[in-house]
């Protein structure tokens, strides 16, 4: 029974992601989400008391999905530079594999919802900042505010993925690595 409930909630979240990519936040009413998810309209309100609650929980859901992917291949013995490249490539690949998440996050961070999310829900952004702060503590990275580095790194990842997804340029593995290298060269201490 609990598995069935979890599957319904997941179907609602996944349907909302798909619909937001197609229609945006305002063009995605709860009734359309229910239809797309194959559940009764009342079922949605059993899990989410409002559309706002659904969108905020969807953000947390996408963050959890992303964290699982981002950790793949990382291990404690990995040096900082190698870890940077793997994290950059993993993030970019995640967005390419899940374009609905990329488009959702772009809308979300530019909406009134983003300031309402908790620090805990924003673990993904904090993970980038923590990684940069660790590099600063060990004297590996340039002396520049972590916020600026995080903006540069994250925007390059999102842009590369978006250009690739939209077909504006088909980027090869070598080109993704070159983009990561440019980021690394921009943040590492010379």
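The values are calculated or read from the model by the stated rules, or taken from the named source; none is laboratory data. Nothing here was measured: the structure is a model prediction, and the numbers come from that model. Glycine gets a Cβ as well: all are built from the backbone with ideal geometry, and neighbour counts include every protein chain shown.
Residues in the range 89-117 that are in contact (Cβ under 8 Å) with a residue 24 or more places away in the chain and farther than 18 Å from residue 13 by Cα were compared, and the one that is surrounded by the fewest Cβ atoms within 10 Å (Cβ to Cβ) is 116.
Filter the range 26-52 down to residues that are outside any loop (DSSP other than H, G, I, E, B) and farther than 27 Å from residue 97 by Cβ, then give me how many there are.
So the count comes out to 8.
Restricting 86, 19 to those that are assigned to a helix (DSSP H, G or I), assigned by TED's automatic domain parsing to the domain that holds residue 183 and either surrounded by 15 or more Cβ atoms within 10 Å (Cβ to Cβ) or out of contact with any strand residue (DSSP E or B) (no Cβ under 8 Å at 6 or more places or on another chain) (or both) reduces the list to 86.
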